[in-house]
Amino acid sequence: MDDESVSLPCYDRKRWQILGRLFVLLAQCKRLSELQQLATLVKSSASFAGMLGKEQLLVMLSNLCKCLQKHFPKKDCEMFLCKTLPSITQLASELPKLVPPDGIPFLRQERAQSVSLSRHLVASLLASGFLCAFSTPMEQGIREDSGLNFDQFFAVFSWEDKDDHHATQLMKLKSILSYFNRIANNQCDLDGLITISRNIVSHDQLPTIKDWEISDCDLCSVAVKTTREIGTDEAHALQVIMASRAIGSNMLQSGRTEIPGVGNLEM
(Lines give C-alpha, C1' and ligand atoms only; values in the text may rest on other atoms or scores of the structure.)
Protein backbone atom coordinates (compact mmCIF):
# COMPACT_ATOMS: atom_id res chain seq x y z
CA MET A 1 0.00 0.00 0.00
CA ASP A 2 1.12 3.60 -0.65
CA ASP A 3 1.62 6.35 1.89
CA GLU A 4 -1.98 7.49 1.39
CA SER A 5 -3.30 4.39 3.15
CA VAL A 6 -3.03 3.07 6.69
CA SER A 7 -0.31 0.42 7.07
CA LEU A 8 -2.09 -2.64 8.43
CA PRO A 9 -0.35 -5.56 10.18
CA CYS A 10 -1.77 -8.11 7.76
CA TYR A 11 0.13 -6.49 4.85
CA ASP A 12 3.42 -7.92 6.15
CA ARG A 13 2.95 -11.65 5.55
CA LYS A 14 5.86 -12.83 7.72
CA ARG A 15 4.90 -10.60 10.63
CA TRP A 16 1.24 -11.56 10.31
CA GLN A 17 2.15 -15.26 10.58
CA ILE A 18 3.99 -14.52 13.84
CA LEU A 19 1.04 -12.51 15.11
CA GLY A 20 -1.29 -15.35 14.16
CA ARG A 21 0.66 -17.73 16.41
CA LEU A 22 0.59 -15.13 19.16
CA PHE A 23 -3.19 -14.73 18.87
CA VAL A 24 -3.62 -18.50 19.27
CA LEU A 25 -1.38 -18.52 22.37
CA LEU A 26 -3.27 -15.58 23.89
CA ALA A 27 -6.63 -17.26 23.34
CA GLN A 28 -5.33 -20.36 25.13
CA CYS A 29 -4.47 -18.42 28.32
CA LYS A 30 -7.15 -19.31 30.87
CA ARG A 31 -5.24 -18.29 33.99
CA LEU A 32 -3.37 -15.15 34.87
CA SER A 33 -0.22 -17.18 35.46
CA GLU A 34 -0.44 -18.46 31.87
CA LEU A 35 -0.68 -14.90 30.54
CA GLN A 36 2.38 -13.96 32.60
CA GLN A 37 4.25 -16.99 31.24
CA LEU A 38 3.34 -15.95 27.70
CA ALA A 39 4.82 -12.50 28.32
CA THR A 40 8.06 -14.18 29.41
CA LEU A 41 7.96 -16.42 26.32
CA VAL A 42 7.53 -13.45 23.96
CA LYS A 43 10.48 -11.72 25.63
CA SER A 44 12.89 -14.65 25.47
CA SER A 45 11.78 -17.02 22.70
CA ALA A 46 13.60 -17.06 19.38
CA SER A 47 10.20 -17.40 17.70
CA PHE A 48 9.51 -13.75 18.46
CA ALA A 49 13.07 -12.45 18.04
CA GLY A 50 13.27 -9.43 15.75
CA MET A 51 9.50 -9.07 15.63
CA LEU A 52 8.47 -5.51 14.78
CA GLY A 53 6.49 -3.93 17.61
CA LYS A 54 7.71 -6.52 20.13
CA GLU A 55 8.51 -3.91 22.78
CA GLN A 56 5.04 -2.41 22.49
CA LEU A 57 3.51 -5.86 22.85
CA LEU A 58 5.56 -6.53 26.00
CA VAL A 59 4.45 -3.20 27.53
CA MET A 60 0.84 -4.20 26.92
CA LEU A 61 1.20 -7.75 28.27
CA SER A 62 3.15 -6.87 31.42
CA ASN A 63 0.87 -4.01 32.43
CA LEU A 64 -2.30 -5.90 31.51
CA CYS A 65 -1.19 -8.65 33.89
CA LYS A 66 -0.58 -6.06 36.62
CA CYS A 67 -4.04 -4.54 36.12
CA LEU A 68 -5.82 -7.88 36.20
CA GLN A 69 -3.95 -8.97 39.29
CA LYS A 70 -4.32 -5.73 41.23
CA HIS A 71 -7.64 -4.22 40.18
CA PHE A 72 -9.95 -6.98 38.91
CA PRO A 73 -11.87 -9.45 41.10
CA LYS A 74 -11.10 -13.09 40.39
CA LYS A 75 -14.47 -13.59 38.66
CA ASP A 76 -13.91 -10.65 36.29
CA CYS A 77 -10.37 -11.78 35.60
CA GLU A 78 -11.59 -15.26 34.68
CA MET A 79 -14.29 -13.84 32.41
CA PHE A 80 -11.70 -11.71 30.59
CA LEU A 81 -9.30 -14.61 30.06
CA CYS A 82 -11.92 -17.23 29.18
CA LYS A 83 -14.25 -15.17 27.01
CA THR A 84 -13.23 -11.58 26.29
CA LEU A 85 -9.59 -12.15 25.35
CA PRO A 86 -10.38 -15.04 22.94
CA SER A 87 -12.99 -12.78 21.32
CA ILE A 88 -10.42 -9.99 20.95
CA THR A 89 -7.88 -12.33 19.33
CA GLN A 90 -10.58 -13.67 16.98
CA LEU A 91 -11.54 -10.14 15.93
CA ALA A 92 -7.90 -9.24 15.29
CA SER A 93 -7.31 -12.39 13.23
CA GLU A 94 -10.27 -11.51 10.97
CA LEU A 95 -8.62 -8.29 9.77
CA PRO A 96 -7.38 -9.52 6.34
CA LYS A 97 -10.85 -10.55 5.15
CA LEU A 98 -12.47 -7.32 6.35
CA VAL A 99 -10.14 -4.74 4.81
CA PRO A 100 -11.47 -3.08 1.62
CA PRO A 101 -9.51 -3.91 -1.57
CA ASP A 102 -8.16 -0.36 -1.76
CA GLY A 103 -7.20 -0.26 1.90
CA ILE A 104 -8.08 2.44 4.43
CA PRO A 105 -7.10 5.95 3.29
CA PHE A 106 -5.69 8.64 5.56
CA LEU A 107 -7.94 11.69 5.83
CA ARG A 108 -5.35 14.39 5.22
CA GLN A 109 -5.51 17.96 6.50
CA GLU A 110 -6.86 20.57 4.08
CA ARG A 111 -8.49 17.83 2.00
CA ALA A 112 -12.22 17.13 2.05
CA GLN A 113 -12.63 13.35 2.23
CA SER A 114 -14.84 10.65 3.66
CA VAL A 115 -14.24 7.01 4.47
CA SER A 116 -16.86 4.39 5.29
CA LEU A 117 -15.82 1.35 7.30
CA SER A 118 -17.87 -1.62 8.39
CA ARG A 119 -18.45 -1.81 12.14
CA HIS A 120 -16.96 -5.30 12.01
CA LEU A 121 -13.77 -3.88 10.49
CA VAL A 122 -13.64 -1.11 13.12
CA ALA A 123 -13.94 -3.74 15.87
CA SER A 124 -11.13 -5.72 14.25
CA LEU A 125 -8.92 -2.63 14.05
CA LEU A 126 -9.58 -1.87 17.73
CA ALA A 127 -8.77 -5.46 18.69
CA SER A 128 -5.54 -5.29 16.67
CA GLY A 129 -4.61 -2.04 18.40
CA PHE A 130 -5.42 -3.49 21.82
CA LEU A 131 -3.03 -6.37 21.08
CA CYS A 132 -0.39 -3.95 19.73
CA ALA A 133 -0.37 -5.63 16.31
CA PHE A 134 0.32 -2.47 14.30
CA SER A 135 3.78 -1.37 13.28
CA THR A 136 5.13 1.63 15.17
CA PRO A 137 4.25 5.20 14.09
CA MET A 138 7.89 5.75 13.08
CA GLU A 139 7.72 2.74 10.76
CA GLN A 140 4.53 4.14 9.22
CA GLY A 141 6.02 7.62 8.82
CA ILE A 142 3.41 9.32 11.00
CA ARG A 143 3.53 11.27 14.25
CA GLU A 144 4.46 9.36 17.40
CA ASP A 145 1.17 10.24 19.11
CA SER A 146 -0.86 8.93 16.17
CA GLY A 147 -0.16 5.25 16.73
CA LEU A 148 -3.02 2.80 16.88
CA ASN A 149 -1.43 0.46 19.42
CA PHE A 150 -2.50 0.54 23.07
CA ASP A 151 1.02 0.31 24.50
CA GLN A 152 1.06 3.96 25.63
CA PHE A 153 -2.32 3.41 27.23
CA PHE A 154 -1.01 0.48 29.31
CA ALA A 155 2.34 2.19 29.99
CA VAL A 156 0.55 4.65 32.29
CA PHE A 157 0.03 1.81 34.78
CA SER A 158 3.81 1.51 35.17
CA TRP A 159 4.20 5.12 36.28
CA GLU A 160 5.23 5.34 39.93
CA ASP A 161 3.43 7.58 42.44
CA LYS A 162 0.69 8.39 39.91
CA ASP A 163 -2.37 6.88 41.61
CA ASP A 164 -4.66 9.58 40.19
CA HIS A 165 -3.58 8.72 36.65
CA HIS A 166 -3.91 5.00 37.41
CA ALA A 167 -7.52 5.50 38.58
CA THR A 168 -8.41 7.44 35.43
CA GLN A 169 -6.75 4.87 33.20
CA LEU A 170 -8.49 2.02 35.01
CA MET A 171 -11.90 3.53 34.28
CA LYS A 172 -10.92 3.83 30.62
CA LEU A 173 -9.80 0.19 30.57
CA LYS A 174 -13.08 -1.01 32.07
CA SER A 175 -15.00 0.94 29.44
CA ILE A 176 -12.85 -0.51 26.66
CA LEU A 177 -13.29 -4.05 27.97
CA SER A 178 -17.04 -3.46 28.27
CA TYR A 179 -17.11 -2.83 24.51
CA PHE A 180 -15.28 -6.09 23.81
CA ASN A 181 -17.44 -7.91 26.37
CA ARG A 182 -20.58 -6.87 24.51
CA ILE A 183 -19.14 -8.24 21.28
CA ALA A 184 -18.09 -11.49 22.98
CA ASN A 185 -21.64 -11.91 24.32
CA ASN A 186 -23.29 -11.02 20.99
CA GLN A 187 -24.75 -7.85 22.51
CA CYS A 188 -23.10 -5.50 20.03
CA ASP A 189 -24.37 -5.33 16.45
CA LEU A 190 -21.41 -5.31 14.04
CA ASP A 191 -23.58 -4.82 10.96
CA GLY A 192 -23.71 -1.46 9.23
CA LEU A 193 -21.17 1.22 8.39
CA ILE A 194 -19.39 4.02 10.19
CA THR A 195 -18.60 7.03 8.00
CA ILE A 196 -15.94 9.53 9.02
CA SER A 197 -15.67 12.77 7.08
CA ARG A 198 -13.18 15.60 7.02
CA ASN A 199 -14.92 18.81 6.00
CA ILE A 200 -12.91 21.92 5.24
CA VAL A 201 -13.64 25.59 4.74
CA SER A 202 -11.33 27.25 2.24
CA HIS A 203 -9.61 30.46 3.25
CA ASP A 204 -11.62 32.53 0.79
CA GLN A 205 -14.84 31.28 2.44
CA LEU A 206 -13.84 32.40 5.91
CA PRO A 207 -15.50 35.61 7.20
CA THR A 208 -13.32 38.69 7.33
CA ILE A 209 -13.39 41.64 9.72
CA LYS A 210 -15.25 43.57 7.00
CA ASP A 211 -17.92 40.86 6.86
CA TRP A 212 -18.45 41.19 10.61
CA GLU A 213 -18.64 44.98 10.39
CA ILE A 214 -21.39 45.01 7.75
CA SER A 215 -23.34 42.01 9.10
CA ASP A 216 -26.83 42.78 10.44
CA CYS A 217 -27.24 39.40 12.16
CA ASP A 218 -27.97 39.48 15.88
CA LEU A 219 -25.53 37.72 18.17
CA CYS A 220 -26.66 35.81 21.23
CA SER A 221 -25.23 36.43 24.66
CA VAL A 222 -22.15 34.32 25.29
CA ALA A 223 -20.31 33.65 28.54
CA VAL A 224 -16.89 32.05 28.23
CA LYS A 225 -15.50 30.07 31.17
CA THR A 226 -11.95 28.76 31.18
CA THR A 227 -11.56 27.62 34.77
CA ARG A 228 -13.71 24.48 34.87
CA GLU A 229 -12.91 20.98 33.67
CA ILE A 230 -14.67 19.28 30.79
CA GLY A 231 -17.81 17.51 31.97
CA THR A 232 -18.26 19.53 35.15
CA ASP A 233 -20.04 22.60 33.80
CA GLU A 234 -23.79 23.19 33.82
CA ALA A 235 -26.16 21.89 31.16
CA HIS A 236 -26.61 23.65 27.79
CA ALA A 237 -22.93 24.54 27.66
CA LEU A 238 -20.77 24.06 24.58
CA GLN A 239 -17.58 22.33 25.72
CA VAL A 240 -14.49 22.82 23.58
CA ILE A 241 -11.21 20.92 23.81
CA MET A 242 -8.20 22.44 22.09
CA ALA A 243 -5.52 20.21 23.58
CA SER A 244 -4.31 18.36 20.51
CA ARG A 245 -4.26 18.38 16.74
CA ALA A 246 -5.30 14.73 16.68
CA ILE A 247 -8.91 13.56 16.90
CA GLY A 248 -9.30 11.95 20.31
CA SER A 249 -6.20 13.78 21.56
CA ASN A 250 -4.30 11.57 24.03
CA MET A 251 -7.30 9.45 25.00
CA LEU A 252 -5.16 6.31 24.91
CA GLN A 253 -2.47 7.88 27.05
CA SER A 254 -2.96 9.79 30.30
CA GLY A 255 -5.53 12.34 29.11
CA ARG A 256 -8.59 12.91 31.28
CA THR A 257 -10.65 15.33 29.24
CA GLU A 258 -11.12 12.62 26.60
CA ILE A 259 -12.67 10.07 28.97
CA PRO A 260 -16.19 10.50 27.45
CA GLY A 261 -14.71 9.40 24.11
CA VAL A 262 -13.89 5.96 25.48
CA GLY A 263 -17.62 5.34 25.82
CA ASN A 264 -17.83 5.66 22.02
CA LEU A 265 -14.81 3.54 21.28
CA GLU A 266 -15.65 3.02 17.62
CA MET A 267 -15.15 6.72 16.99
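The values are calculated or read from the model by the stated rules, or taken from the named source; none is laboratory data. These numbers were taken from a predicted model, which means no experiment stands behind them. We place every Cβ from the backbone using ideal geometry, glycine too, and count neighbours over all the protein chains shown. Please note that ligands, DNA and RNA were not included when accessible areas were found on the heavy atoms of the full protein model with its side chains. Shrake-Rupley method; radii C 1.70, N 1.55, O 1.52, S 1.80 Å.
The residues listed here are K43, K54; of these, the one that is without any contact (Cβ under 8 Å) to a residue 24 or more places away in the chain, touching a helix residue (DSSP H, G or I) at 6+ places or on another chain (Cβ under 8 Å), open to solvent by less than 60 Å² (accessible area, probe 1.4 Å) and among the basic types (K, R) is K54.
Within region 83-98, one or more residues are open to solvent by less than 30 Å² (accessible area, probe 1.4 Å), among the charged types (D, E, K, R) and closer than 27 Å to L121 by Cα. Note on region 79-116: residues that are touching a residue at least 24 places away in the same chain (Cβ under 8 Å) and part of a helix (DSSP H, G or I) amount to 18. From the list E213, E258, E266, exactly one residue is at pLDDT 60 or above and surrounded by 12 or more Cβ atoms within 10 Å (Cβ to Cβ). Which is it? Going through E213, E258, E266 in turn, just one is at pLDDT 60 or above and surrounded by 12 or more Cβ atoms within 10 Å (Cβ to Cβ): E266. Filtering region 28-38 to residues that are crowded, with 17+ Cβ neighbours inside 10 Å and small (G, A, S) leaves nothing.
Consider region 176-185. How many of its residues are in contact (Cβ under 8 Å) with a residue 40 or more places away in the chain and either open to solvent by 40 Å² or more (accessible area, probe 1.4 Å) or touching a strand residue (DSSP E or B) at 6+ places or on another chain (Cβ under 6 Å) (or both)?
So the answer is 1.
Within region 186-210, count every residue that is open to solvent by less than 100 Å² (accessible area, probe 1.4 Å) and touching a Ser or Thr at 6+ places or on another chain (Cβ under 6 Å). Don't jump to the end; show me each part of the working.
Step one: filter region 186-210 for residues open to solvent by less than 100 Å² (accessible area, probe 1.4 Å), giving 188-190, 192, 194-198, 200-202, 206-208.
Checking which are touching a Ser or Thr at 6+ places or on another chain (Cβ under 6 Å) leaves us with 195, 197.
Of the residues in region 186-210, 2 are open to solvent by less than 100 Å² (accessible area, probe 1.4 Å) and touching a Ser or Thr at 6+ places or on another chain (Cβ under 6 Å).
Among the candidates I194, I247, I230, single out the residue that is modelled with pLDDT under 85 and within 30 Å of H120 (Cβ to Cβ). I'd like the intermediate steps shown before the answer.
Values: I194 fails: modelled with pLDDT under 85; I230 fails: within 30 Å of H120 (Cβ to Cβ).
Going through I194, I247, I230 in turn, just one is modelled with pLDDT under 85 and within 30 Å of H120 (Cβ to Cβ): I247.
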